[in-house]
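Working notes, beginning with the structure itself.
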């Protein structure tokens, strides 16, 4: 498999070369930014599968300038469709990325897939400097969303766990998996206006999705790891996620439901704030309250089965803030 470095790649490499020299001279620590795929959602009607791309800063809060969109996925289960839901002020740099699909053995050789892999190469950049995305050190922030199409040949399974892998090796100093590729590259805004650069490089870390490195520097580089699975036979349709009330809040049905062991609850907040998920038994008694500080937009909490849940297989829950209380939803625990 071969790939070429396009104009987008050259721009990012130029930023890295010149800005790294500036950081070396000033003695500043190079920012460390982590990227992950999160919040899988499947729309049964359109057979589209969605993943958020979220970021975290290791050392200090930084503002994202840009990142190249380089990742692999298992072409057996999905087809890449596009990028949307950008944080305000951001968008694609250059043409929309299109998938390059390798031969039938490429996925087996690189990542222990069963058949072919697909590769995406594009870039996202800050287009309006009034709206920089702040990358926090505590928690994660959504930068944009990826959309894939699940072919009709893929069966509607209770556990759908496709692998998506950032183009960066376990030892990120080695760059990408492809010969000559720098792999995942991210830049942040340059606040030192004494320099002539608007961005500076980072040390990038990319967490693979449903896949794990084996530490090898030879192929295959790792193997499939089913850690973020959803059902594609009975999930909440995506159009429910458009049902946000007039105040900007929404609480959704847990997924999966019924559940055994653990489940996920998603909700939307109009702005970053403290919020609680409150759980009740059939008598209306509060059994547990999960409180935390959450970002604006969509959030997700994973709920582990607790001892008190087995008292009744029907559990009620609400979303509550200091100014808002949602309607009650019901989830069901599968009895052993």
Exercise. Of the conditions (1) touching a helix residue (DSSP H, G or I) at 6+ places or on another chain (Cβ under 9 Å); (2) under 23 Å from residue 30 (Cβ atoms), residue 57 fails just one. Which one is it?
Worked result: (1)
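Here's the yes/no breakdown for (1) part of a helix (DSSP H, G or I); (2) touching a residue at least 40 places away in the same chain (Cβ under 8 Å); (3) on the phi < 0 side of the Ramachandran plot:
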{"residue": "88", "(1), (2), (3)": "no, yes, yes"}
{"residue": "104", "(1), (2), (3)": "no, no, yes"}
{"residue": "108", "(1), (2), (3)": "yes, yes, yes"}
{"residue": "119", "(1), (2), (3)": "no, yes, yes"}
{"residue": "134", "(1), (2), (3)": "no, yes, yes"}
{"residue": "137", "(1), (2), (3)": "no, yes, yes"}
{"residue": "156", "(1), (2), (3)": "no, yes, yes"}
Seminar exercise, completed: Checked against (1) modelled with pLDDT under 95; (2) in contact with a strand residue (DSSP E or B) (Cβ under 7 Å, 6 or more places away or on another chain), residue 72 satisfies every condition except (1)
Exercise. Residues in region 202-223 that are out of contact with any strand residue (DSSP E or B) (no Cβ under 6 Å at 6 or more places or on another chain) and surrounded by fewer than 19 Cβ atoms within 10 Å (Cβ to Cβ): how many?
Worked result: 7
For this session: Inspect all residues belonging to region 264-271 and state whether any of them is in contact with a helix residue (DSSP H, G or I) (Cβ under 9 Å, 6 or more places away or on another chain), surrounded by 13 or more Cβ atoms within 10 Å (Cβ to Cβ) and in contact (Cβ under 8 Å) with a residue 40 or more places away in the chain.
Result: yes
Exercise. So which of 11, 47 is in the same structural domain as residue 101 (by TED's automatic domain parsing) and either in contact with a helix residue (DSSP H, G or I) (Cβ under 8 Å, 6 or more places away or on another chain) or at pLDDT 75 or above (or both)?
Worked result: 47
Exercise. With respect to residue 288, is the statement that it is outside the structural domain of residue 144 (by TED's automatic domain parsing), in contact with a helix residue (DSSP H, G or I) (Cβ under 9 Å, 6 or more places away or on another chain) and assigned to a strand (DSSP E or B) true?
Worked result: yes
Seminar exercise, completed: From the option list 181, 216, single residue qualifying as modelled with pLDDT of 85 or more and either in a loop (DSSP other than H, G, I, E, B) or under 29 Å from residue 133 (Cα atoms) (or both) is 181
Exercise. Name the residues in region 246-263 that are exposed (fewer than 12 other Cβ atoms within 10 Å of the Cβ) and either without any contact (Cβ under 8 Å) to a residue 24 or more places away in the chain or not in a loop (DSSP other than H, G, I, E, B) (or both), would you?
Worked result: 246, 262
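The values are calculated or read from the model by the stated rules, or taken from the named source; none is laboratory data. Because the structure is a prediction, the values reported are computed rather than measured. In this analysis, Cβ positions are derived from the backbone assuming ideal geometry, glycine residues included, and neighbour counts consider all displayed protein chains.
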